[in-house]
Amino acid sequence: MTPLEVLLRQHIAADGPMPLQRYMALCLGHPQHGYYMTRDPLGVRGDFTTAPEISQVFGELIGIWVAQVWIDAGSPSPFSLVELGPGRGTLMRDMLRATRKVKGFADAARVHLVETSPTLKAAQELNVPGAHWHDSVATLPTQFSIIVANEFFDALPLQQLEQQDGTVFERCVDVVDGALALVRVATIKANPFGIDGIFEESPARASTALALGHLLHDHGGATLVIDYGHRKSAMGDTVQAMMDHAYCSILTAPGEADLTSHVDFEALGLAFETTHCRVHPVVTQGAFLSAMGVDLRAQVLARDLADDARGTLLSGVKRLVDDAQMGQLFKVMAATSPGLNVPYPFGVA
Ligand code: SAH
């Protein structure tokens with residue numbers, strides 16, 4: 001039994017079944033035993049990998065997107081270049097390298113990283129020296145901001161609700177016959193879909209999007225969210241656990257498996273729209289990277305590489321854009337403050 005499971009059982013014994021949302025929050029973020037607090041989960045030896053770890057091209061193209069938004073906005077200086085959940089700092093490092101030659105950009109950019117994991121903060125300090133760190137979006141500076149979040153929102157906890165025969169229940173974790181088990185507890189929460197089945201809501205995602213939306217609305221700027229998920233809100237259970245690059249039960253090894261769920265981009269967009277930001281129609285990661293020139297960039301990089309390295313580069317890029325791999329499942333959404341132009345390639349791709 002993991003050390004966190006011992007604590008969870010104590011909570012459940014004292015307070016009764018624990019809402020899945022609280023279970024996820026503790027599994028991921030418990031100060032001592034939370035998944036992200038104790039390890040670097042990325043890479044071949046970790047539990048999962050991400051686009052910036054697969055290819056440098058990902059961060060470079062996002063850097064170009066950010067620079068274009070900044071130029072379109074009149075090159076405000078200073079401005080915040082923000083990343084939420086930056087992992088090892090690889091994406092920010094690649095963005096900064098790709099924008100080095102953009103006139104005035106490096107001088108104007110103040111890099112702010114929102115990160116709760118001490119282990120990953122240490123990795124970020126090596127890759128992004130001179131950044132400023134925040135535990136949450138609440139302390140970001142009140143100035144023009146361009147905010148990037150790759151695989152951040154999927155890591156925030158959510159509520160799972162289930163309607164059966166017209167009654168709505170919340171899914172909770174309990175101890176049944178000596179083992180952790182999912183149970184249902186009646187709730188007064190409403191089901192916006194109105195039919196029987198499981199549905200999900202993430203107050204943590206909504207409140208983060210609202211905070212970002214207020215910042216953008218009041219001080220100008222843009223947010224780019226990249227994550228796996230669906231364009232339209234829909235019913236279904238999308239919570240998943242991963243350990244050693246393989247799926248496992250969400251109740252196996254609490255605190256030692258990564259727990260995530262698919263991002264509901266419609267719900268996320270509605271939160272931004274509540275703050276009067278403009279939300280641009282979601283595009284797939286494949287379409288976004290193609291429109292940003294991924295093929296050309298890969299060709300330029302491949303020219304100077306030996307065969308082995310060229311093969312690795314091209315297979316990495318293919319993984320990012322291929323429909324059967326990350327290209328379709330991952331989506332890209334942009335929200336901008338009211339005065340900004342529609343950023344390329346939204347409205348085009
Ligand atoms: N963006 C990175 C890492 C994705 S993993 C990449 O693409 O490689 C999720 C990241 O979000 C990790 O850095 C994790 O520590 C961070 N994170 C998870 N929950 C968080 C929270 N509530 N607040 C801030 N950061 C969080």
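From the set of residues in segment 156-171 that are surrounded by fewer than 22 Cβ atoms within 10 Å (Cβ to Cβ) and touching a residue at least 60 places away in the same chain (Cβ under 8 Å), which is nearest to I250 (Cα to Cα)?
Selected residue: Q159.
Just for strands (runs of 3 or more DSSP E) wholly inside segment 113-204: which have at least 1 residues that are out of contact with any helix residue (DSSP H, G or I) (no Cβ under 8 Å at 6 or more places or on another chain) and farther than 28 Å from Q32 by Cβ? Spell out the reasoning first.
Values: elements: 132-134, 145-150, 159-164, 167-176, 179-186, 197-201.
Hits in segment 113-204: 159-164, 167-176, 179-186, 197-201.
Would you be able to say whether some residue in segment 40-57 is modelled with pLDDT of 95 or more, farther than 22 Å from Q240 by Cα and of a type in the set (S, T, Y)? It would help to see each step written out before you state the result.
At the first step, the residues of segment 40-57 found to be modelled with pLDDT of 95 or more are 50-57.
Next cut, farther than 22 Å from Q240 by Cα only: 55-57.
From the residues that got through so far, the ones that are of a type in the set (S, T, Y) too are 55.
Checked against the condition, which is being modelled with pLDDT of 95 or more, farther than 22 Å from Q240 by Cα and of a type in the set (S, T, Y), segment 40-57 yields at least one hit.
Table: residues versus (1) within 16 Å of the ligand (Cβ to nearest atom); (2) within 30 Å of H214 (Cβ to Cβ).
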{"position": "Q143", "(1), (2)": "no, yes"}
{"position": "V148", "(1), (2)": "yes, yes"}
{"position": "F152", "(1), (2)": "yes, yes"}
{"position": "P157", "(1), (2)": "yes, yes"}
{"position": "Q160", "(1), (2)": "no, yes"}
{"position": "T167", "(1), (2)": "no, no"}
{"position": "E170", "(1), (2)": "no, yes"}
{"position": "G178", "(1), (2)": "no, no"}
{"position": "V185", "(1), (2)": "no, no"}
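Output the residues belonging to segment 18-38 that are within 10 Å of the ligand (Cβ to nearest atom) and among the basic types (K, R).
none
What number of residues within segment 237-291 satisfy the criterion of being small (G, A, S), out of contact with any Leu (no Cβ under 6 Å at 6 or more places or on another chain) and within 30 Å of L180 (Cβ to Cβ)? Lay out the reasoning, then the answer.
Taking segment 237-291 and keeping what is small (G, A, S), we get 241, 246, 249, 253, 255, 257, 261, 267, 269, 271, 286-287, 290-291.
Narrowing further to those that are out of contact with any Leu (no Cβ under 6 Å at 6 or more places or on another chain): 246, 249, 253, 257, 267, 269, 286-287, 290-291.
Remaining after also requiring within 30 Å of L180 (Cβ to Cβ): 246, 249, 253, 257, 267.
The number of residues fulfilling the criteria is 5.
Would you be able to tell me the number of residues in segment 45-59 that are part of a helix (DSSP H, G or I) and either at positive phi or more than 10 Å from the ligand (Cβ to nearest atom) (or both)?
Here is the first cut: in segment 45-59, the ones part of a helix (DSSP H, G or I) are 51-54, 56-59.
Those still in the list that are either at positive phi or more than 10 Å from the ligand (Cβ to nearest atom) (or both) too: 56-57.
Total satisfying the criteria: 2.
Would you point out which residue out of A51, A14 is touching a residue at least 12 places away in the same chain (Cβ under 8 Å) and not charged (D, E, K, R)?
Working: A14 fails: touching a residue at least 12 places away in the same chain (Cβ under 8 Å).
Criteria check complete, one pass: A51.
Go through segment 98-135 residue by residue and tally those that are within 19 Å of L28 (Cβ to Cβ) and free of Cβ contacts under 8 Å to residues at least 24 places away in the same chain. Break it down into steps so the answer makes sense when it comes.
Quick first cut of segment 98-135, residues within 19 Å of L28 (Cβ to Cβ) only: 113-124, 133-135.
Pick out the ones that are also free of Cβ contacts under 8 Å to residues at least 24 places away in the same chain and you get 121-122, 133-135.
Qualifying residue count for the region: 5.
The values are calculated or read from the model by the stated rules, or taken from the named source; none is laboratory data. Bear in mind the structure is a predicted one, so any value in this text is a computation, not a measurement. Note: ideal-geometry Cβ built from the backbone for every residue, glycine included; neighbour counts use all protein chains shown.
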